[in-house]
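What follows is a short report on a single structure.
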Amino acid sequence: MSKSAYVIRHVPFEDLGLLEAELRHRDYEIEYCDAPVGPIEPNQAQEADLLIVLGGPLGVNDAERYPFLQNEREIVATRVQSNLPTLGVCLGAQLMAAALGSEVVPAERSEIGFGPLRLTEEGRDSVLAPLDGRPVLHWHSETFAVPDSAERLAETDACSMQAFQLGEKLLGLQFHIEVEPEDIEAWLVGHAHELASEGVDVEKMRRGAQDYAADLRSQAHEVFSAWLERLD
């Protein structure tokens with residue numbers, strides 16, 4: 001019997017990537033909602049077997065400039081507070097954290113590029129276990145404290161909050177393991193202004209995507225398949 005995944009996307013190239021194959025394999029029917037043009041359907045977001053909130057170049061606190069974010073925040077909050085299966089990536093994780101009472105604030109510095117992830121003790125016992133010490137793609141400039149009752153799963157030298165879980169159903173990731181390495185060029189073009197202003201070495205990011213491609217795919221499969229298994 002098929003299941004439903006409702007996916008909130010903020011920019012076209014930040015999609016499910018490697019996660020899509022895992023969902024298809026488990027017979028999920030996938031429906032994207034492009035939040036800026038929306039509208040996000042509250043009923044679909046609440047009734048779906050799984051809600052996935054992807055990343056984007058906005059901040060949780062940008063609703064004054066981008067009004068759709070207020071509606072999205074409310075929809076995510078209702079879902080999370082109902083403890084329904086939800087995965088948040090980057091902006092999605094920040095929206096989940098805000099819904100659970102954490103303040104999302106600017107980080108001391110942006111973290112953009114491939115770098116190793118360091119798992120906490122809880123993280124090593126979680127579905128993220130395959131990622132301990134392994135390079136993943138980081139791309140964020142905001143952070144937050146671990147939400148009440150949640151477990152902090154991962155950190156880096158630049159950011160102490162890289163992932164959290166609350167029970168078996170709520171998982172927030174600041175980093176991007178969903179990105180298909182072959183799609184990195186779309187990210188580099190789509191975020192060209194940010195990369196230039198942050199002084200990021202674009203060629204280094206291309207090389208990272210190429211050098212780590214096999215490991216990135218394998219690790220994404222292990223993590224996502226293990227988490228989805230827990231939801232079945």
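What follows is calculated from the coordinates using simple rules that are stated; it is not laboratory data. These figures come from a predicted structure and were not determined experimentally. Neighbour counts run over all protein chains shown; Cβ positions are idealised from the backbone, glycine included.
Taking just the C-alpha trace of the chain, give me its Rg and Dmax in Å.
16.2, 49
For segment 29-55 and segment 123-200, what is the centre-to-centre distance using only Cα atoms, to the nearest Å?
The two parts, judged by their Cα centres, are 21 Å apart.
Please list, ordered by chain and number, the residues whose modelled amide H lies under 5 Å from the amide H of THR143; skip anything fewer than 5 residues away on the same chain.
The list, which skips near neighbours in sequence, is VAL105, ALA107.
If amide hydrogens are placed 1.01 Å from N in the peptide plane, which non-local residues have theirs closer than 5 Å to the one on CYS33?
VAL7, ILE8, ARG9
Calculated from DSSP H runs of 4 or more alone, at -39500 (n - 2.57) each and per residue, what is the 222 nm mean residue ellipticity of the chain, nearest 500? All intermediate terms of the calculation are to be shown ahead of the outcome.
Working: 9 runs with 84 residues, N = 232.
Helix contribution divided over all residues of the chain: -10500 deg cm²/dmol.
Under a 10 Å cutoff between Cα atoms, tell me which one of GLU29, GLU20, GLU203 has the largest fluctuation in the Gaussian network model of the chain.
The residue that fluctuates most here is GLU203.
Filter the GluC sites (Glu not before Pro) in segment 34-120 down to the DSSP loop ones having no more than 13 other Cβ atoms within 10 Å, then list what survives.
GLU64, GLU103
Considering only LEU137, PHE224, PRO181, whose Cα is most displaced toward the positive end of the charge dipole of segment 3-231, charges sitting on Cβ of Lys, Arg (+1) and Asp, Glu (-1)?
PHE224
Give me a comma-separated list of calculated 3J(HN,Hα) values for segment 175-186, in order, Karplus coefficients 6.51, -1.76, 1.60 applied at θ = phi - 60°, integers in Hz, x for any Gly or Pro.
Result, rounded to whole Hz: 8, 10, 9, 7, 6, 5, x, 5, 9, 4, 4, 4.
If you plug each phi of segment 61-76 into the Karplus form 6.51 cos²θ - 1.76 cosθ + 1.60 with θ = phi - 60°, what whole-Hz ³J(HN,Hα) values come out, in order, with x for Gly and Pro?
Per residue, the Karplus-derived 3J(HN,Hα) values read 8, 9, 5, 5, 7, 10, x, 4, 5, 5, 4, 5, 4, 5, 5, 5 Hz.
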